[in-house]
Structures are given as structure tokens and as C-alpha cells.
Amino acid sequence: MKTTNNNYDVIIIGGGVVGCAVARELSRYKLNVALLEKEADVGWGISCRNSGVVHSGFNYKPGTLRAQLCVEGNRSFAKLCQELDVPYKKIGKVVVAQKKEEVEELKRLKVQGEKNGVEELEIIDSDKLKRLEPNVKGIAALYSPETAITSPYLLTIALAENALNNAVSFFLNTKVKSITRLRNSDFRITTNKGEFTSSYVINSAGLYSDKVAHMVEKDKYRIYPCRGEYYVLDKNASWIINRLIYPVPKAVSGGLGIHFTPTIDKNILIGPSNEYIKQKDNLSTTSQIMKLLSAEAQKFLPLISSRDIIRSYSGIRAKQAPSSESGYWDFVIEESNSVNNFINLIGIESPGLASAQPIAKKVVEIIKRKENLKTNSNFKPFRKGILRFEEQDEKTKIALIKQDPNYGEIVCRCEKVTKKEILEAANNPLGARSLISIKYRTRAMMGRCQGGYCLPRIMELLKERYELTPQEITLKGEHSYLLTGYRSDEVSI
Amino acid sequence: MIQKKEVVIIGGGAAGLAAAVACHQKGIEDILIIERGDYLGGILNQCIHDGFGLEKFNTSLTGPEYAQRYIDKVANRKIPFLLNSMVIGLTPQKEVVVVNSQGLQHYRAKVIILAMGCRERTRGAISIPGTRPSGIYTAGVAQELINLKNYMVGEKIVVLGSGDIGLIMARRLSLEGAEVIMVAEKLPYSSGLPRNINQCLYDFDIPLLLSHTVVDIEGNGRLSGVTIAQLGKRGGIIPGSKRKITCDTLLLSVGLIPENELSREAGITLDNITGGPQVDERGQTSIPGIFSCGNVLQVHDIVDNVSLEAEYIVEGVIEYLKGKLTKERKIKVELGNGLRYVVPQTLIRVKDIIFSFRVNQPGRKKILLFEDGIRLIKKKSLQRVNPAEMIRIKLSSKELEGIKRLKVKLV
């Protein structure tokens, strides 16, 4: 195996859930693998900005990769989360019809789901719907007990950490500028952090996968950014629903409709909307869409109050289907025809989260067809996450504080995150050191006060841990400095 | 093991300290104050401007000085307190679970006084559209960073909301050399005290734009600008009024929310308008023996009133401990025209009672009327009313004698 600096067998471009899953799958083999991520942490693209749903697979056209990999991914998801110590809950989903004509569509979805191999789908009447979801308005529903939820960013982080532990190299803040081919047919990847070479390139650049593909093969793919905005509700509202509540999807649409998602942390998400936009990095939320989200909430769940809103955000789908056509194109998971050893993962929109591991396995298959891969006998499938004090029973809590008094200091009052957890997050193995990295790892700052109490404390802990100047403390990496410096430092007497 | 206490006070800020001292003065010695911060005094410690204590001490003090007066009293009286200790559980049986570096402690108290204060409303809660860069702070967080940690949050600043902390921070950051471009207020009137508008904005040539709000936020790393717009009478954006302001910081002073997560957990009935517990005339919540005072009960504009309120409710605490606080009758205070809320919401006895109100909108030459459905109980002329200023009025037991109902309105 190659050992020189920045010289790898496989380089993965993009540290979203798919890129990180690929990194982990590849670490099962004796390969020298690196992952390049342009942001200051993994999972900051689509992977942290979706509903966190592990779909069961009835929404997708039979025979497509989306259908096949989603069903496969759904079945193995619990095991994946167990190995990686990531929260997972099979809470089920109802697709709710409010008009008679929508009931036909429910039946069609059920047949489609069964063709895809989804189990236990059931059409339920309004009585049963009322029993399952007393606060939802509807005349019938498709009930899918196999649909689950997870934390998409914790899963991405966990996959990355496990891959790292199995010897994959991670390069954060590393943006690919160009890719050329050397005489020995290796790839030379030029980044803002220097050059890398590799025999294989996996393009899992999400929204920018078309741009990365374009570096070696002109104009083959095009990604259209399609934004979805969400509202996040206070945990106090969590009693309103028990399962995922979806409307009946419209025939021609690029999304599943504005739905209601209980998150693994007991918030409710309302969204996402569905809007093609021009810029891939425009993560704005807009007043028009926020009004629309409120109106949709009124339609299905009139009990939701605007007082429960604690935040809004948006995510951007990486769609291959242009706005004129809408709908979906299937995932592209293939080696380029014209550029050997360049594997494209294009258009991985929903159900990309559920399918992440099966996609990664497919990538391994592609490489296996060409190389004689040797199993890495040192591969460790397990990874431990940061223990959440708040979720422990009283006995454990007492033992934890005894073991480390930092467990006795609650830094984030809303989510009850302790200093110990913040310190563990600040010491994360990937070396991500911005505020958002702490937030995704611990939930600190995600509660109803949105960091009003803990933000200054966490800034201080980060500053101490990494010996930063005030200007070096960032919200989310480069250019997102939080402070402009010290003031009134010198006192003249 | 459960430790028993006479009175447990949750929160060691202005309200909690005043309540503790008042309890001790009345002869209760078995008190415990539980404070989550590193020191007593709460938010007062970061309020280094003066103007505190005018009513209570007849002199103008800074926040830390005001807090110190009470901290000294607590020390002199040797009232026990816990620091760095967070209450993580509260039950209707008045059991409290506390976590700190020593472990978990359980207390059962005869009386619990809720004095947790309030928190700031955030960008998310008011749904300001736009991107999510760094450089957006609530005014209180910015205040903590500059006053307690010596950090500057930015150099070119727009303040949204004219709450008092926003006004104070406009002056504070100007004094530190930042350019405060404007204070925008959504309403046609300010939600801060008139004295703060004069001393913090006009004295520093900072414009106050009424009926203006932020409609967009720009910047991907750090904030690079905001768009403000003028609002019409019905709250809609006036066409053509949008303009972009280049700035690196947006400070939000858009309201305070009483911090009642524990109260909710215990099952205490809350008031939708105040955000605090519904209480009787001595701050007793829907759970007998659990009292509430200060900003967790209703957001105050002057700290002196927080202290006064805390001392006032202790009368009820004493009576409760003596078993004298029986619910002889229950009269709901009915809210009429012109008023946003009233505290207390119910009356259970005939006593001298202090009522707190806020009006719906500013006005001049108003009359506050207390009626019992048949007769006029009290009439009070008010030269000037302002939603920013809490109105406190005392009715004597004599005035309240024999009433069957109580209705308050502003005409």
C-alpha cells in the first residue's frame, strides 16, 4: 500500500452522510483512504438539514435504486445505529388523506410499497387514525410501522468517527479546486490545502457533485438546488403527535409535501417546502414560506401554536430533475464510462439517509470488481458516542458525577447538557472546533433559549481548549467569527 | 435521601435574594437558596450601568452594587445557599432535585419560592427571515460578553427592538467605540423606559426608527447586512420602504419570557399573557405552598419592584406556614378594556393588595377603574400610560371588603 504523504488508494470528496458511510465501508478493507470536506466539520450540507427520517420505501418507483436501497437501508438501520451508538426509533408514519380522491393515491402507494418489499403497510380508516393520532385531521391514512427516525448529523459524525478510528484520514476545511490525471493514471486532486493523489476518487460532493464530476468529464451531470424550509417546535409541543405525519404527495412534485416530524430529541419539525432556487448555498429562510408552513400546520394539526416555534432553517435537495420537469430521477451510483476509477454518486436526495449504507456497499462492489480487496482484520464496527447525562437514570447520574464532577455542571439549561459533554465534544476526534460542531454533538444551544444561557460559556470552553484568541472562536468555521476582540483591556491609573 | 427544608428558593437573583432576606426577617431560618450560576445576584451582575435602587434605597446604584446590598444581607444573616447548582426536577409535592458537582440532592420543602427570572426571546421565536451567519446576539448575551468577559461582539451594529436591554446596550457599545447605526422598533412606540430612550439613544445621536423591522438577514460566515422596512398601521410592509443596511452585528431586544420550565413540569397553571404562573394576592401559584415572584412571575422593568414584590409575597409564605392561608373564597380578577394583564389573577382573602398591570398601548389622561359589578371600588387617574411601564396600585382591605367580583378597566 502507498504510504507517502497525501497519497491514497481512495479519496472521497464530500463528508456528508453518504461520503462518511463510504469511508466506513472502505475501512473494512486494507485500503489507504482519505476524505476531503470543504466545511469545518462533516455533515454540514444536506445531511444536517433534512427531516432525519429512515423511510420504509413505499414512495419510490419499483425497480429504481431509490426503492431498492431505501428498503435495504431501512432493514439494516437499527443495527447500524446500534453499532455506532446513534439514536434510532421506529415510530412509524401515517400518510393522511383529507379528501376522498386522495384515498386512491394511498392505495396506489400501498401497492407500490409492497412491490418494493415494504412490510406491514396498512390502509387505516379515520377511527384508527384517531386512535393513533388523536390530534390529526384526516379521513383515512396509509400506516407504515417500519418508518423510523434518527439523528442525521449524529449518524454522519458517528460514521466519520468510526471510519477515522479504522484509519481513514479526514481533511476538514479542504476544498477541491481541480482534478487531473497523472501519467501513472492516478488522480491529482488540487485543494486549498495542497495536493492529494489517489487511484480512486469517490465523488460524493452532494449539491456540488456535478461540479466535481465536471472537473474530469465535461457537462455530464447537472444538480438543481431545491430548497426546503422548516420550522422547529419547542419540546413542550411534542405531545401533539406520536408518529410522522405526511400529507398525500402530489403527483408531480419534487418533495413529499410539508410534513410533521417528531425528532429523536422530541422537537417537532414542520416542513420542508419545495422551491427550486438559483444558488446552491442560499440557506435563507423566507417569510413567504414560513407563512405557508404555518398554514399547512393549521390544516393538519390545528393545535400547533406559533408560540411553540423556536427556530427555522432550510436544507437544499440535490436534484437532477430540473424545475420544468420536477419529480425525481434515480440515484446515480456508477463508475464514469470515460474516466476509469472515478465513481460518481449523483442526485442523492431523499431517501439518501436511509440508503447511505447500501450506497456505500455498492461503491465497495464497484471497486471489488476491479481490485482484489483484502479484508482489514482490525476493523472495529463499534463506536461510542458522547454519553448524555440527561438520559441516564438517577443511579447512573450519581455515579457519573462521582466519577467526574463535570457531569454535575449543567451548561445548557434547556437541553440539560453538562460541562463534561461539552468538553468531550470539544475534544472530538475529527478536530472540529466551531460552535456548531459542539451543538450537533451535544444539543447544547438547540433548545428554546437558543444558546442565550450557554453560548458565552461554551465559547469560553472552546477558547480554553484550543487556546484561541476571541477572534478565532467561530460559529461554523472560516469567516464566521463571533467576536471582534477584547475591549478596555488597559486601564490607566 | 431527602433533606427537609422550611423554604427552598429557586434562583439567587434579585427576587430570590429579597425573598430570602424577607423570610429570615420574619423568623424563618431553615432556608435554602439554589443558584445555578457562579455567584449570587443573577443578571444584576452584568448590568453595570446605574439607575438601580432609586425606589428601594433612594440612591442610584449599579446592578452589582444593588445585588451586593442583598448579598451582604444574606451573608450577615447566614442564609444558606448553593452555587453552580441547577434544579432539574420539581414536583407538586414540593420535592426538588438539584444537580451539582457533589452529585444529586433531593429536598422536600414546606414552601417553595420560584424566582428563576426570565430569558430573552430569540431570532427563531420571532422568525426573522434570511441566512444564519454569526453576529446575531440577543442584547443580554452581548451584555454578558462585554461586561463580564470583556469581549466585543461587533463594530457596526443594528439593534432590533427597543426593550430596555437593547437601549442600554446601544449606549454601552457606543461607549466602547462601536458604531450603533440605529434601533428599529416594530411597534409605533418604544417598549423601553422613556429615561432609557433619552439617556441611551438621544444623548448618543442614535436614531430610533419606530414602526420598522428587520425583514432579511444576509451573510454566510459573519453577518454582512440586514434589510429593514417600515410597517404600516396593520403591520404589513410599506411598499418601497425596504432598505439595506451594512453591518456586522444584529442585536435583538425583542422581549423577555418568564422561565417557567420547572413550573410547567410541576403542573403549575400558567397565564398565557404574562407567561408566569397564575397567582393569588400573595404570589401563591395553583399549587398550595409554591409561590412565585420577580421576573418569573411577570417581567418587570425596574429591579426595585422585583425586590418589593419578593418581600410582599413573603407575607403569604408566613401565613401559609402558620396554616392561616385558607382559601376562604376565590375571586377571579376580571380584565377589562385597555389592559394587557393583571397580577394577581385571583384573590382568596381580604387584605391590602398590590395589583400590577400593563396597558395595551400608550395613552394620556386615562382612568383606571376597579368595580365589583355594582359599585365603583376605586378610581385612579393616570396622566400618562405606557406598555413599557408597569403600573402598581394598592387597594386596601377596607376598599376590598365585601366584594363579590372584581373588574378592572382603563378608560
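The values are calculated or read from the model by the stated rules, or taken from the named source; none is laboratory data. All figures in this text were calculated on a predicted structure; none of them were measured in a lab. So basically every Cβ, Gly included, is an ideal-geometry build from the backbone, and we count neighbours across all protein chains shown.
If the condition is being buried (at least 20 other Cβ atoms within 10 Å of the Cβ) and more than 7 Å from chain A (Cβ to nearest Cβ), then region B:115-127 contributes B:A115, B:M116, B:G117, B:C118, B:R121, B:R123. The residues of region A:213-242 that are buried (at least 22 other Cβ atoms within 10 Å of the Cβ) and either assigned to a loop (DSSP other than H, G, I, E, B) or free of Cβ contacts under 8 Å to residues at least 24 places away in the same chain (or both), listed by number, are A:I223, A:I241. Condition first: among the small types (G, A, S) and surrounded by fewer than 23 Cβ atoms within 10 Å (Cβ to Cβ). Can you find one or more residues in region B:42-53 that meet it? Within region B:42-53, one or more residues are among the small types (G, A, S) and surrounded by fewer than 23 Cβ atoms within 10 Å (Cβ to Cβ).
Can you spot a residue in region A:416-431 that is part of a loop (DSSP other than H, G, I, E, B), touching a residue at least 60 places away in the same chain (Cβ under 8 Å) and in contact with a Lys or Arg (Cβ under 8 Å, 6 or more places away or on another chain)? Looking through region A:416-431, at least one residue is part of a loop (DSSP other than H, G, I, E, B), touching a residue at least 60 places away in the same chain (Cβ under 8 Å) and in contact with a Lys or Arg (Cβ under 8 Å, 6 or more places away or on another chain). In region B:286-393, counting only strands (runs of 3 or more DSSP E) that sit wholly within it, the ones holding 1 or more residues that are within 20 Å of the chain's Cα centre (by Cα) span B:290-292, B:339-343, B:353-359, B:376-385. Can you work out which of the residues in region A:298-329 that are touching a Gly at 6+ places or on another chain (Cβ under 8 Å) and within 10 Å of chain B (Cβ to nearest Cβ) is farthest from A:V136 (Cα to Cα)? Once the filter is applied, the top-ranked residue is A:S314. Taking region B:41-138 as the region of interest, the strands (runs of 3 or more DSSP E) fully inside it that hold 2 or more residues being among the small types (G, A, S) are B:103-114.
Inspect all residues belonging to region A:466-482 and state whether any of them is in contact with a helix residue (DSSP H, G or I) (Cβ under 6 Å, 6 or more places away or on another chain), more than 10 Å from chain B (Cβ to nearest Cβ), of a type outside the set (V, I, T) and assigned to a helix (DSSP H, G or I). The answer is no; no qualifying residue exists.
Evaluation of B:V98 against the conditions (1) over 30 Å from B:E309 (Cβ atoms); (2) surrounded by fewer than 24 Cβ atoms within 10 Å (Cβ to Cβ); (3) aliphatic (A, V, I, L, M); (4) more than 9 Å from chain A (Cβ to nearest Cβ) shows that the sole unmet condition is (1). Can you name the residue in region A:21-68 that is at positive phi and in contact with a helix residue (DSSP H, G or I) (Cβ under 8 Å, 6 or more places away or on another chain) and is also surrounded by the most Cβ atoms within 10 Å (Cβ to Cβ) among such residues? Here the residue is A:G57. In summary, strands (runs of 3 or more DSSP E) completely within region A:265-362 and bearing 1 or more residues that are of a type in the set (S, T, Y) and surrounded by 17 or more Cβ atoms within 10 Å (Cβ to Cβ) occur at A:309-319. Residue check: B:I79 meets all listed conditions (1) in the same structural domain as B:E265 (by TED's automatic domain parsing); (2) under 21 Å from the mean Cα position of the chain (by Cα) but one, namely (2). Just one of the numbered conditions (1) more than 7 Å from chain A (Cβ to nearest Cβ); (2) aliphatic (A, V, I, L, M); (3) under 20 Å from A:G447 (Cβ atoms) is not true of B:L175: (3). Among all residues of region A:355-370, there is at least one that is touching a Cys at 6+ places or on another chain (Cβ under 6 Å), outside the structural domain of A:Y440 (by TED's automatic domain parsing) and among the hydroxyl-bearing types (S, T, Y).
Residues are listed down the side, and each one gets a yes or a no for (1) surrounded by fewer than 17 Cβ atoms within 10 Å (Cβ to Cβ); (2) among the basic types (K, R):
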residue: B:I181; (1), (2): no, no
residue: B:E185; (1), (2): no, no
residue: B:G192; (1), (2): no, no
residue: B:N198; (1), (2): yes, no
residue: B:G225; (1), (2): no, no
residue: B:G232; (1), (2): yes, no
residue: B:K242; (1), (2): yes, yes
residue: B:T246; (1), (2): yes, no
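In this structure, A:G92 does not satisfy being surrounded by fewer than 24 Cβ atoms within 10 Å (Cβ to Cβ) and free of Cβ contacts under 8 Å to residues at least 12 places away in the same chain.
For B:L209, indicate whether it is surrounded by fewer than 23 Cβ atoms within 10 Å (Cβ to Cβ), away from chain A (no Cβ under 12 Å) and under 18 Å from B:L44 (Cβ atoms).
no
If you check A:S209 against the conditions, is it polar (S, T, N, Q), touching a strand residue (DSSP E or B) at 6+ places or on another chain (Cβ under 8 Å), closer than 14 Å to A:K319 by Cα and not in a strand (DSSP E or B)? Judged against the criteria, A:S209 is a match. Among the residues of region A:206-244, those that are of a type in the set (A, V, I, L, M, F, W, C) and under 20 Å from the mean Cα position of the chain (by Cα) comprise A:L207, A:I223, A:C226, A:V232, A:L233, A:L244.
A single member of B:I31, B:I10, B:I71, B:I112 is within 30 Å of A:P405 (Cβ to Cβ) and either surrounded by fewer than 17 Cβ atoms within 10 Å (Cβ to Cβ) or within 14 Å of another protein chain (Cβ to nearest Cβ) (or both), and it is B:I10.
Can you pull out every residue in region A:144-179 that is buried (at least 22 other Cβ atoms within 10 Å of the Cβ), among the aromatic types (F, W, Y) and over 14 Å from the mean Cα position of the chain (by Cα)? Across region A:144-179, the qualifying residue is only A:F170.
When each of B:G154, B:G135, B:G130 is tested for being over 24 Å from A:C414 (Cβ atoms), facing chain A (nearest Cβ under 10 Å) and surrounded by 22 or more Cβ atoms within 10 Å (Cβ to Cβ), the lone residue that passes is B:G154. Can you find even one residue in region A:374-385 that is more than 11 Å from every other protein chain (Cβ to nearest Cβ), free of Cβ contacts under 8 Å to residues at least 60 places away in the same chain and within 27 Å of B:V98 (Cβ to Cβ)? No: zero hits.
Picking from residues in region A:365-400 that are acidic (D, E) and in a loop (DSSP other than H, G, I, E, B), the one that is nearest to A:N428 (Cα to Cα) is A:D393. Inspect all residues belonging to region A:123-136 and state whether any of them is crowded, with 22+ Cβ neighbours inside 10 Å and either touching a Ser or Thr at 6+ places or on another chain (Cβ under 9 Å) or small (G, A, S) (or both). For region A:123-136, residues crowded, with 22+ Cβ neighbours inside 10 Å and either touching a Ser or Thr at 6+ places or on another chain (Cβ under 9 Å) or small (G, A, S) (or both): absent. Just one of (1) touching a Gly at 6+ places or on another chain (Cβ under 7 Å); (2) buried (at least 18 other Cβ atoms within 10 Å of the Cβ); (3) in contact (Cβ under 8 Å) with a residue 40 or more places away in the chain fails for A:I258. It is (3).
Would you tally the residues in region A:437-493 being buried (at least 23 other Cβ atoms within 10 Å of the Cβ), at pLDDT 95 or above and among the hydroxyl-bearing types (S, T, Y)? The number of residues fulfilling the criteria is 4.
Taken together, A:S199, A:S204 contain a single residue that is surrounded by 22 or more Cβ atoms within 10 Å (Cβ to Cβ), in contact (Cβ under 8 Å) with a residue 60 or more places away in the chain and farther than 30 Å from A:R413 by Cα, which is A:S204.
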